[in-house]
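Report on one structure; see the data block that follows.
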Amino acid sequence: METILLNQQNLADWQKKASPNVMALGCFDGLHLGHCEVINTAIQKAKERQVPLSVMSFFPHPKTVISKGKVHVNYLTPLAEKEEKLRKMGVDTFYIVEFNQEFAGLSPEQFVLDYLNGLGVFHAVAGFDFSYGSYGAGHLDRLKQDSGGRIDVTKVAKVELRGEKISSTCIRERLLKGKVAELPEFIGRFYETQGEWNGETFTLYPYYTIPGPGRYEVTLKNDSGGSVHREVIVLSDGITIKCRDEIPLFLKGKLSIVWQKGIVESRKLRIS
Ligand SMILES: Cc1cc2nc3c(=O)[nH]c(=O)nc-3n(C[C@H](O)[C@H](O)[C@H](O)COP(=O)(O)O)c2cc1C
Ligand SMILES: Nc1ncnc2c1ncn2[C@@H]1O[C@H](COP(=O)(O)OP(=O)(O)OP(=O)(O)O)[C@@H](O)[C@H]1O
């Protein structure tokens, strides 16, 4: 998979190199079950047409830029992890578009002509609610027209769980409430964060969303298959993670925390 950091300055160079492709569109933070439905649908379309599959995502999160910094988005999957997951899914080209005020101000038509037509897209796949262009005015029902009739569109229906749309937002909300045990129903696995254990402290890699303050049952594991079950505490500062028991030194170095269960404090259970 080729990863391309795209912006207004280098767009013309990448347009010259582009070949016909199918493209999946969106932020894809967390690569939850709704995102996987979009990407797997796009994979199928690319196979049917025997062309490469590209994914176009945006960084920083549009909400942060559009709110002019008022809305701060912590990520579920930092870029490096998203890149690895997309590569494993079989994506051929991963475009990360620099989402800044200038880009946000593109009209829906201009975005489609410059970033889809211009990059060889002839079939676009996104979810039912994908929006594009200034004020989010663009939507899938007008994309073909915005492309001058050149791009066919597949709209993926809402993937929901008990009536609730599966979204990165609802996953972040559950994380901050400590409801990590519910997440496999949304992302198909337990939520994981990557970082370093130096023998004394955990240091998470940047951008992860840490579960809310509280105690958690977790599995600590490294890339060579070593793992232990432990209880960790996220302190009230919401960023410090402490492990209650000793962590074996064979886990020193890069370490994943697999968040499995929030331990409800007994005091919360006390019925006054
Ligand atoms: C080129 C481009 C420009 C965009 N500009 C805006 C914008 O000005 N305002 C906006 O609300 N959304 C804009 N969006 C849509 C956002 O990416 C995002 O979909 C929207 O904020 C709704 O987010 P949500 O569906 O996750 O709530 C733009 C998207 C693209 C691709
Ligand atoms: N539950 C879902 N069902 C179908 N498509 C979805 C679903 N969630 C997201 N998508 C689609 O997947 C792509 C990426 O979604 P995106 O990350 O932009 O939105 P999101 O998951 O709702 O995140 P957020 O909550 O931050 O807005 C978009 O095309 C979007 O329409």
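The values are calculated or read from the model by the stated rules, or taken from the named source; none is laboratory data. No experiment lies behind these values; they were computed from the predicted model shown. Cβ coordinates were reconstructed from backbone atoms using ideal geometry, including for glycine residues, and neighbour counts include every protein chain displayed. We work out accessible area using only protein heavy atoms, side chains counted, and drop any ligands, DNA or RNA first. Shrake-Rupley method; radii C 1.70, N 1.55, O 1.52, S 1.80 Å.
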Scan of region 213-235 for residues that are outside any strand (DSSP E or B) and under 12 Å from TRP197 (Cβ atoms), ordered by number | ASN222, GLY226
For region 42-70, name all the residues that are within 25 Å of GLU81 (Cα to Cα), among the charged types (D, E, K, R) and surrounded by fewer than 18 Cβ atoms within 10 Å (Cβ to Cβ).
-> LYS47, LYS63
Somewhere in region 42-49, is a residue closer than 25 Å to GLY163 by Cα, within 16 Å of ligand 2 (Cβ to nearest atom) and either touching a His at 6+ places or on another chain (Cβ under 6 Å) or at pLDDT 95 or above (or both)?
-> yes
Does GLU109 count as farther than 15 Å from SER57 by Cα, among the acidic types (Asp, Glu) and surrounded by fewer than 20 Cβ atoms within 10 Å (Cβ to Cβ)?
-> yes
Identify, from the list LEU143, LEU116, the residue that is assigned to a helix (DSSP H, G or I) and either out of contact with any strand residue (DSSP E or B) (no Cβ under 9 Å at 6 or more places or on another chain) or touching a residue at least 40 places away in the same chain (Cβ under 8 Å) (or both).
-> LEU116
Do we find that LEU220 is open to solvent by 30 Å² or more (accessible area, probe 1.4 Å) and either modelled with pLDDT of 95 or more or closer than 14 Å to LYS177 by Cα (or both) in this structure?
-> no
How about region 93-106: which of its residues are surrounded by 16 or more Cβ atoms within 10 Å (Cβ to Cβ) and near ligand 1 (Cβ under 9 Å from one of its atoms)?
-> VAL97, PHE99, PHE103, ALA104, LEU106
Region 5-35, subset under 30 Å from GLU164 (Cα atoms) and open to solvent by 30 Å² or more (accessible area, probe 1.4 Å), residue farthest from the chain's Cα centre (by Cα) = LEU33
Determine if region 110-117 includes at least one residue that is of a type in the set (Asp, Glu) and not assigned by TED's automatic domain parsing to the domain that holds ARG215.
-> yes
Looking at (1) within 10 Å of ligand 2 (Cβ to nearest atom); (2) farther than 22 Å from PRO78 by Cα, find the lone condition where CYS170 falls short.
-> (2)
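Okay, residues lined up against (1) open to solvent by 50 Å² or more (accessible area, probe 1.4 Å); (2) away from ligand 1 (no atom under 14 Å from the Cβ); (3) within 20 Å of the chain's Cα centre (by Cα); (4) farther than 15 Å from LEU25 by Cβ:
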{"residue": "GLY136", "(1), (2), (3), (4)": "no, no, yes, no"}
{"residue": "ASP146", "(1), (2), (3), (4)": "no, no, no, no"}
{"residue": "VAL159", "(1), (2), (3), (4)": "no, yes, yes, yes"}
{"residue": "LYS165", "(1), (2), (3), (4)": "yes, no, yes, yes"}
